[in-house]
Amino acid sequence: MYYNLTAIILKRQDFRDDDLLVTVYSREVGKLTLVARGGKKILSKLAGHLEPASLSLLNVASGKSIDQLTGARMIKGYRCIKANLDKSEASAWLLKLVNDLTLENHQDEQIFGLVEKYLDFLEKKDEDYEIVKLSVGFKLLALLGFNPVAKGELKFNQEIDFLIRNSMKKILENKKLNIKKLNIILNSELNTLT
């Protein structure tokens, strides 16, 4: 059976001689690991479309144990992210988080949308990475069913709730957030989960 996926590439790793294992988060089925036969070859048609922090349209064939990529076309390459070390680190942080905290074949369009919006933001903006990371980290925890507001320190619950419920524009306009303390709370929460 053949099917198509709109997916964000989370990571890729070597597999066998010329193949790659590609982990993606797709709009249609959630996280999935696929094999790209010949993906490491210099002349591979797939390789350029399978870079981490890319949004690609993937053609997939069902396999016995692992599905196989038969084609790929990049939709968004996020060149500015890949050309900037700070942006690359910020995107790699979320991609690793999504990979570590999500299960395979558990589709959630909100998580897909959150990751895509985060990458779009990083692509366009040149500042405020820390506050954006805080926001997306708490939003991801909330989407996964962990209630960071209930587990956070009482005096910071309103700030955490504000980060979860509001748009990036509103969050960036708020100058009263205690970024240092919120960062400690988020990292503590993530360390218990990963």
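Values for this structure:
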item	result
Estimated FRET transfer efficiency (Ile179, Glu51; beta-carbon r; R0 30 Å; 0.05)	0.50
Radius of gyration, Dmax [the chain; alpha carbons; angstrom]	17.7, 56
The chain, helix-only ellipticity at 222 nm - DSSP H runs n ≥ 4, -39,500 (n - 2.57), divided by all residues, nearest 500	-13500 deg cm²/dmol
Cα pair distances in the range 2-76, grouped into 5 Å bins until the bin that holds the longest one, percent each	4, 19, 32, 29, 13, 3, 0
Cβ-based exposure ranking for Glu173, Glu159, Glu189, in which fewest neighbours within 10 Å come first	Glu173, Glu189, Glu159
Cut-off under 5 Å, modelled amide H: who pairs with Asp67 long-range	Val35
Packing-based exposure ordering (other Cβ within 10 Å, fewest first) of Arg165, Arg79, Arg12	Arg79, Arg165, Arg12
Pairwise FRET efficiency - Arg165 versus Asp126, Cβ, R0 = 25 Å, nearest 0.05	0.45
Calculated over the range 84-193: convex hull of Cα atoms, volume per residue (Å³)	102 Å³
Positive-end residue, the chain charge dipole about Cα centroid, Cβ charges, pick of Phe15, Leu101, Tyr129	Tyr129
Radius 14 Å from Cβ of Glu116, net charge of other residues (Lys, Arg +1; Asp, Glu -1)	0
Amide proton proximity set for Ala72, modelled H, under 5 Å, gap of 5+	Asn59
The range 139-149 - phi-based ³J(HN,Hα) in whole Hz, Karplus 6.51/-1.76/1.60, Gly and Pro as x	5, 5, 4, 5, 5, 7, x, 8, 9, x, 5
Phe15, Phe112 arranged by Cβ crowding within 10 Å, fewest neighbours leading	Phe15, Phe112
Whole-Hz couplings from phi, Karplus 6.51/-1.76/1.60, listed for the range 110-117; x for Gly and Pro	5, 5, 4, x, 4, 5, 5, 5
Derived scalar couplings ³J(HN,Hα) [the range 175-180; Karplus, 6.51 cos²θ - 1.76 cosθ + 1.60; whole Hz; x for Gly, Pro]	9, 9, 6, 8, 4, 4
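A short reminder: the numbers here are calculations on the coordinates, not readings from a lab. All of these numbers come straight from a predicted model, not from anything done at the bench. No Cβ is skipped: glycine too gets one built from the backbone with ideal geometry, and neighbour counts run over all protein chains shown.
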